[in-house]
Structure formats: C-alpha cells, structure tokens
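Enquirer: Handing you this structure, nothing more for now.
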C-alpha cells in the first residue's frame, strides 16, 4: 500500500469515529428529551385528575373545592401510582387553590418536571435538565 492509501484509510477511520461519537451524543439527548416529555404527559394527567377530584364534593370522596387533601396520600386518593417505568412522581405542594407536581426520571436523575396548577388552570410547566427537581 502506498502512503496516500494509508493516509486515506486513517482519515476515513477518524471521520467514521467522529460520526459515531456525534450520533451517540444526539441519541442520548433525544432519550433525555423523550423521558422529559413522558414525565410531563403523566404529570399533566395527574393534574387533570386532581382538578376533577377538587371539583367533587366531600361526601363523594372529593376535595370540596380545595387541593389541601392531596398533600398527604394524594396519589392514593386519586387512585394513581407514584412510580412508573419512566420516573417517580410526587405532589410537592397542595394548598387551597394551588397544586405543584414534581417528577424525576429513573434513567436520567437530572431530568425533572414541575407542574403548577392554580385553580383549574395550568399556570406553569417546567422541564429541567440540571438536576434541580428533587423529590423528598
């Protein structure tokens, strides 16, 4: 083999290696975003269940126009689980007319979601990739 052929072979190997590394990083980013999207979907579903629970009167196992009853054992009252294949969920704050739900990914603990409900409206949703969402 000539020097030019060896140089092309080495150069081709380096380019393929860089492409594989770049592809792996893009794939990892997509996996994190997918986990965040799944956490957000589940959190919104939990919040919708909480809004429906709040609207029910107390004799019918409802919140009687308040989220306060969900602070302790809220998932049991909503007949939902605190854990799924994707992550862990928690009612972080449930006071009067406001509710905060937090979720953390199982695969990527730095990926977290926070949903704030005020009244019957979603006031704010945060998707964070910095590990700042922590469950108690």
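Enquirer: Anything in region 98-136 that is assigned to a loop (DSSP other than H, G, I, E, B) and under 9 Å from the mean Cα position of the chain (by Cα)? List them, or say none.
Expert: Let us first name the residues in region 98-136 that are assigned to a loop (DSSP other than H, G, I, E, B), namely 106-111, 119-120, 129-136.
Scanning region 98-136 gives a single hit, 111.
Enquirer: Could you list, in sequence order, all residues of region 110-132 that are over 25 Å from residue 54 (Cα atoms), in contact with a strand residue (DSSP E or B) (Cβ under 6 Å, 6 or more places away or on another chain) and free of Cβ contacts under 8 Å to residues at least 40 places away in the same chain?
Expert: Within region 110-132, just 128 meets the criteria.
Enquirer: Going through region 27-68 one residue at a time, which ones are closer than 13 Å to residue 97 by Cβ and in contact with a helix residue (DSSP H, G or I) (Cβ under 7 Å, 6 or more places away or on another chain)?
Expert: 50, 63, 64, 65, 66, 67
Enquirer: In addition: For the list (1) buried (at least 22 other Cβ atoms within 10 Å of the Cβ); (2) over 20 Å from residue 28 (Cβ atoms), I need the number of the one condition that residue 87 fails.
Expert: Residue 87 satisfies all of (1) buried (at least 22 other Cβ atoms within 10 Å of the Cβ); (2) over 20 Å from residue 28 (Cβ atoms) except (2).
Enquirer: On the basis of being at pLDDT below 90, out of contact with any strand residue (DSSP E or B) (no Cβ under 6 Å at 6 or more places or on another chain) and surrounded by 13 or more Cβ atoms within 10 Å (Cβ to Cβ), does residue 34 make the cut?
Expert: Working: at pLDDT below 90: no; out of contact with any strand residue (DSSP E or B) (no Cβ under 6 Å at 6 or more places or on another chain): yes; surrounded by 13 or more Cβ atoms within 10 Å (Cβ to Cβ): yes.
Criteria not met by residue 34.
Enquirer: Next question. Of the conditions (1) touching a residue at least 40 places away in the same chain (Cβ under 8 Å); (2) within 22 Å of residue 38 (Cβ to Cβ), residue 78 clears all except one; give me its number.
Expert: (1)
Enquirer: Moving on. For the subset of region 51-79 comprising residues that are touching a strand residue (DSSP E or B) at 6+ places or on another chain (Cβ under 8 Å) and in a loop (DSSP other than H, G, I, E, B), which member is surrounded by the most Cβ atoms within 10 Å (Cβ to Cβ)?
Expert: 67
Enquirer: Additional query: Answer yes or no: is there a residue in region 96-108 that is out of contact with any helix residue (DSSP H, G or I) (no Cβ under 7 Å at 6 or more places or on another chain) and surrounded by fewer than 11 Cβ atoms within 10 Å (Cβ to Cβ). Break it down stepwise before answering.
Expert: Taking region 96-108 as the starting set, the residues that turn out to be out of contact with any helix residue (DSSP H, G or I) (no Cβ under 7 Å at 6 or more places or on another chain) are 97-98, 100, 102, 104, 106.
Within this subset, residues satisfying the condition of being surrounded by fewer than 11 Cβ atoms within 10 Å (Cβ to Cβ) are none.
Checking region 96-108: not a single residue is out of contact with any helix residue (DSSP H, G or I) (no Cβ under 7 Å at 6 or more places or on another chain) and surrounded by fewer than 11 Cβ atoms within 10 Å (Cβ to Cβ).
The values are calculated or read from the model by the stated rules, or taken from the named source; none is laboratory data. No experiment lies behind these values; they were computed from the predicted model shown. No Cβ is skipped: glycine too gets one built from the backbone with ideal geometry, and neighbour counts run over all protein chains shown.
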